[in-house]
Amino acid sequence: MSDPGDRPLTAPSADVLAAIRHARLLPEFAHLYPALEPDVWLTAAEAGAKVLFWQLQQSGADALGHRLLESAHFEFRGGWERGGGTDLRTRVTDPDG
């Protein structure tokens with residue numbers, strides 16, 4: 001019996017790649033996010049982790065509780081679309097669908 005770790009890795013399908021949310025910092029807001037390079041696409045998870053780590057280093061836990069990636073400061077692509085008829089909420093403060 002072969003070990004599953006011995007199988008070669010295959011590229012993810014287009015559907016999987018489309019489900020991954022990406023974020024790109026707009027250059028005019030670069031001064032607000034020194035941990036990120038503007039105009040570079042990252043997964044939103046990676047961008048959020050970098051911003052969170054930077055905020056915690058600067059302000060400690062006082063920085064928590066705010067949206068990490070303000071939609072006005074970033075361009076987003078991929079991920080799930082909420083549409084009009086979904087109960088999907090990513091934050092307690094999001095309006096009920």
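Values computed for the structure shown
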item	result
Of residues in the stretch 53-78 being surrounded by 15 or more Cβ atoms within 10 Å (Cβ to Cβ) and modelled with pLDDT of 70 or more, the one nearest to GLU28 (Cα to Cα)	HIS73
Residue match in the stretch 38-50 (condition: within 10 Å of the chain's Cα centre (by Cα), part of a helix (DSSP H, G or I), of a type outside the set (A, V, I, L, M, F, W, C) and exposed (fewer than 15 other Cβ atoms within 10 Å of the Cβ))	yes
Enumeration of residues in the stretch 22-70 that are in contact (Cβ under 8 Å) with a residue 12 or more places away in the chain and on the phi > 0 side of the Ramachandran plot	ASP39
Residues being over 18 Å from the mean Cα position of the chain (by Cα) and at pLDDT 95 or above - total across the stretch 1-37	2
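The values are calculated or read from the model by the stated rules, or taken from the named source; none is laboratory data. Just so it is clear, the structure is predicted and the values come from calculations on it, not from any experiment. So basically every Cβ, Gly included, is an ideal-geometry build from the backbone, and we count neighbours across all protein chains shown.
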